[in-house]
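Step one of this worksheet: look at the structure below.
The values are calculated or read from the model by the stated rules, or taken from the named source; none is laboratory data. The shown structure was predicted, so the numbers you read here are calculated from the model rather than taken from an experiment. For neighbour counting, all protein chains shown are included, and Cβ atoms are generated from backbone atoms with ideal geometry for every residue, glycine included.
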Amino acid sequence: MMYENILKELKYYINNKVPENYIETIQEIIIQSGHYMKADELIIIVLLSTILLTLITSIFAIDYNINLIAMILFTLICPSLIIGTYFLYKKEKRNNKIEQETPDFLRQLASLINAGLGIETALNEVVKHTKGPLSTEIKRALISIKFGNSFEQSLNDIAKRVDSKNLKRIFMIINKSRDSGGNLTNILEQLSEDLKQSLMLKQERRASVMMSIMFLIIASIIAAPFALGMIQTYSNFIGSNGRINPLADIVPISSIGYIIIHSILVSILIGIVLSGKAKNGIKYIFVIVPSSLLVYFGSNIIFQGLFQF
């Protein structure tokens with residue numbers, strides 16, 4: 001009972017203190033990731049995870065003589081980064097699946113229109129007999145049309161939610177053809193074939209650069225943090241023998257700074273290699289930076305346990 005009251009108070013506080021547009025953005029990301037939970041519940045999970053992880057890592061930092069402030073800062077941002085990255089990853093995976101489903105969807109739509117159905121009726125028939133995220137988005141668009149939104153705007157909203165240039169182009173062509181009275185069946189079949197070829201080229205390009213991506217990830221997450229962890233251990237070893245070590249206070253800060261900068265640069269480079277856009281590498285920052293720092297602090301603990309100083 002007390003647990004439920006605490007949750008109610010937290011939900012009330014979040015809904016009243018957190019800006020509404022921020023909650024709506026989080027809710028939209030949750031829906032687009034294929035999960036169905038309230039935004040305030042996710043925020044509570046992040047807060048409780050942060051508090052619990054901060055307590056655990058603080059105990060470890062004190063026991064193993066690790067920089068307490070650095071560990072607390074790391075654990076304060078780690079849960080939100082990990083959970084946020086998970087939902088963004090699921091959203092991107094769902095969007096990719098939508099693009100993969102689009103060619104078959106267009107072919108089915110073309111067949112029904114060729115049989116004499118109107119485009120809205122054809123869309124309704126296709127979603128009745130198919131499953132998947134694309135069908136869910138089309139159902140959402142059809143409901144939007146019933147509530148008074150235009151057909152064109154409802155399709156464009158799908159493209160905005162999915163954030164796909166291919167879908168934007170396809171829906172623009174469908175809307176133009178519908179307005180001009182063009183042969184929509186032939187256009188849909190051609191769009192289906194073009195998109196299928198485009199997706200195949202995209203997969204081939206990803207496969208060709210995968211070895212380079214793996215090298216960058218290993219260098220960023222394992223090699224660099226592990227090497228800096230050894231340097232930190234050696235610095236502590238010098239101090240434990242009573243020698244003056246001018247680098248004792250500099251090594252932890254400079255190591256953490258280097259790991260963060262290196263991880264950010266690698267993430268941006270991965271985004272450029274995979275998609276040709278630096279901004280697409282931002283999502284990898286939320287995975288690579290925490291992972292690199294985790295390996296760094298973990299290597300410190302392991303080495304100190306092995307050498308026992």
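Values computed for the structure shown
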{"read-out": "Residue 177 under 20 Å from residue 115 (Cβ atoms) and part of a helix (DSSP H, G or I)", "value": "yes"}
{"read-out": "Neighbours by Cβ (under 8 Å, 6+ apart or cross-chain): first from segment 26-38, at positive phi; second surrounded by fewer than 17 Cβ atoms within 10 Å (Cβ to Cβ) and part of a helix (DSSP H, G or I)", "value": "34/90"}
{"read-out": "Some residue of segment 242-259 being modelled with pLDDT of 85 or more, on the phi < 0 side of the Ramachandran plot and in contact with a Pro (Cβ under 6 Å, 6 or more places away or on another chain)", "value": "yes"}
{"read-out": "Selected residue [over 23 Å from residue 259 (Cα atoms), crowded, with 17+ Cβ neighbours inside 10 Å, acidic (Asp, Glu) and not assigned by TED's automatic domain parsing to the domain that holds residue 253] from 125, 92, 120, 137", "value": "137"}
{"read-out": "Residue match in segment 255-271 (condition: surrounded by fewer than 14 Cβ atoms within 10 Å (Cβ to Cβ), in the same structural domain as residue 209 (by TED's automatic domain parsing) and part of a helix (DSSP H, G or I))", "value": "yes"}
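Condition check ((1) within 24 Å of the chain's Cα centre (by Cα); (2) within 27 Å of residue 155 (Cα to Cα); (3) not hydrophobic (A, V, I, L, M, F, W, C)) across all residues:
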| residue | (1), (2), (3) |
| --- | --- |
| 61 | no, no, no |
| 73 | yes, no, no |
| 77 | yes, no, no |
| 93 | yes, yes, yes |
| 118 | no, yes, yes |
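Quick grid of which residues meet (1) in contact (Cβ under 8 Å) with a residue 24 or more places away in the chain; (2) in contact with a Leu (Cβ under 7 Å, 6 or more places away or on another chain); (3) of a type in the set (Asp, Glu):
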| site | (1), (2), (3) |
| --- | --- |
| 42 | yes, no, no |
| 54 | no, yes, no |
| 59 | no, no, no |
| 92 | yes, no, yes |
| 99 | yes, yes, yes |
| 145 | yes, no, no |
